[in-house]
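The values are calculated or read from the model by the stated rules, or taken from the named source; none is laboratory data. Nothing here was measured: the structure is a model prediction, and the numbers come from that model. As a convention, Cβ positions derive from the backbone with ideal geometry for all residues, glycine included, and neighbour counts pool all protein chains shown. Accessible surface areas use protein heavy atoms only, side chains included; no ligands, DNA or RNA. Shrake-Rupley method; radii C 1.70, N 1.55, O 1.52, S 1.80 Å.
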Amino acid sequence: MPAKAAICASCHGAEGNSTISEYPSLAGQRALYLKRQLQAFRAAATNDHQTGRQNPVMSAMAATLSDAEINELSEYYARQEPSAVSAVIKVNREGKKLFLGGDLSRDIAACAACHGADGKGMAAAGFPAIAGQHQDYLSAQLQAFRSGKRKDDYQGMMQDTCSKLTDDDIQALAQYMAQLPH
């Protein structure tokens, strides 16, 4: 384990499997995606949060990382095995419908188009795996994209899609994605 990963473990777990619902699990996430996120957090710290991904805790942590440490941490967490979803959650039908098919009447793209029908992401495009993340974390991220607080998505695709989601849509999607197995 890289020395800097010990700091990450308090929120994300020793092997990257978070047990705290507000924090994402990093285990098995694509290295390219993790690298981009750490760079976005670091960018926000160095420009007074004008660009990058704004998060006071993560920006402060990433500000101290060199490019080599970012690469090392990203590769480490990508190699870790994700844990199984701990709770059985009833499949949310509305969330499943939005995830797999979107809503053409509201011009909402299907989440599966970028994150895969299984929620395991698209490695070549750098789209993250979202299957099995905590429902609270997923909901918070969808809300952050919708409000424009999170701007680190490719060409604003997440901001555009999330701007059309209702609170009920976000909760349904978060519940559905949380139950997808890693």
Consider Arg93 carefully, then state whether it is at pLDDT below 95, within 18 Å of the chain's Cα centre (by Cα) and of a type in the set (Lys, Arg).
no
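Matching residues to (1) over 19 Å from Cys8 (Cβ atoms); (2) modelled with pLDDT under 95; (3) among the charged types (D, E, K, R):
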residue	(1), (2), (3)
Ala68	no, no, no
Ser74	no, no, no
Val85	yes, yes, no
Leu100	yes, no, no
Leu104	yes, no, no
Ala110	yes, no, no
Met122	yes, yes, no
Ala140	no, no, no
Gln143	yes, no, no
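Please verify whether Met177 is open to solvent by 50 Å² or more (accessible area, probe 1.4 Å), touching a residue at least 24 places away in the same chain (Cβ under 8 Å) and either outside any loop (DSSP other than H, G, I, E, B) or closer than 17 Å to Gly102 by Cβ (or both), treating the condition exactly as stated.
Details: open to solvent by 50 Å² or more (accessible area, probe 1.4 Å): no; touching a residue at least 24 places away in the same chain (Cβ under 8 Å): yes; either outside any loop (DSSP other than H, G, I, E, B) or closer than 17 Å to Gly102 by Cβ (or both): yes.
Judged against the criteria, Met177 is not a match.
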How many residues, within region 95-112, are in contact with a strand residue (DSSP E or B) (Cβ under 9 Å, 6 or more places away or on another chain), open to solvent by 70 Å² or more (accessible area, probe 1.4 Å) and among the small types (Gly, Ala, Ser)?
0
Return the pair list, or none, for Cβ contacts closer than 6 Å from residues in region 1-15 that are in contact (Cβ under 8 Å) with a residue 60 or more places away in the chain and more than 16 Å from Met58 (Cβ to Cβ) to residues that are of a type outside the set (A, V, I, L, M, F, W, C) and open to solvent by less than 60 Å² (accessible area, probe 1.4 Å), at least 6 apart or on different chains.
Pro2/Tyr76; Glu15/Gln80
Just to verify a result, which residue in region 142-169, among those that are under 18 Å from Gly116 (Cα atoms) and in a helix (DSSP H, G or I), is least open to solvent (accessible area, probe 1.4 Å)?
Cys162
